[in-house]
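The values are calculated or read from the model by the stated rules, or taken from the named source; none is laboratory data. Just so it is clear, the model here is predicted, and its values are computed rather than measured. Neighbour counts are summed over all protein chains in view; Cβ atoms, including those assigned to glycine, are modelled from backbone coordinates with ideal geometry.
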Amino acid sequence: MVVIKPKLSTYISLGLILTVLLAGLILLMRDFAYKGSFALWFYLVACSLITLVMLMLLVKMMAGWRFITAGKEHIIIKLPLKGLTKAYPVSEILLWEEEVILANKKEFKQVTIAFTDKNSISVSNHEHESYTDLVNYLKKKAAKQLIKTKKA
């Protein structure tokens, strides 16, 4: 049984960035309320940008919070924030593809699995644990559905 879950280190680092952004937003609004060191347009633009970046980070964190279990001829996807659990037999895999990208002398890998009901999932080696175990499971159980691509 292969269990793929988000890496805790990824969520800790994103949480720290979110905390720094929140502190910056609070300090900026406090400065506006008490001192007014800058022009009004600066506060409006800066607060809007910081809030937008914070919302995008929160959406990224919430969308990536999923657990995938592969084994016993099934792939089970659990989305705890939606309260959704979906099980797919291996026979319902329409196709799957592994992308490999070299960036900053590091290899970034991502596998995308498409199912017959037009749903798909993506798992990366930097954001999820047991990535190689999932790829090996797919190579063993769903080798015919693999789309072969070149390394980028």
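Tabulated values for the structure
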quantity: Residues of the range 64-97 satisfying the condition of being small (Gly, Ala, Ser) and out of contact with any strand residue (DSSP E or B) (no Cβ under 9 Å at 6 or more places or on another chain); calculated: Gly83, Ser91
quantity: Total residues in the range 87-102, condition of a type outside the set (Phe, Trp, Tyr) and more than 18 Å from the chain's Cα centre (by Cα); calculated: 9
quantity: All positions within the range 109-128 that are acidic (Asp, Glu) and at pLDDT below 90; calculated: Glu127
quantity: Elements of type strands (runs of 3 or more DSSP E) in the range 14-89, at least 1 residues being at positive phi and touching a residue at least 40 places away in the same chain (Cβ under 8 Å); calculated: 67-71
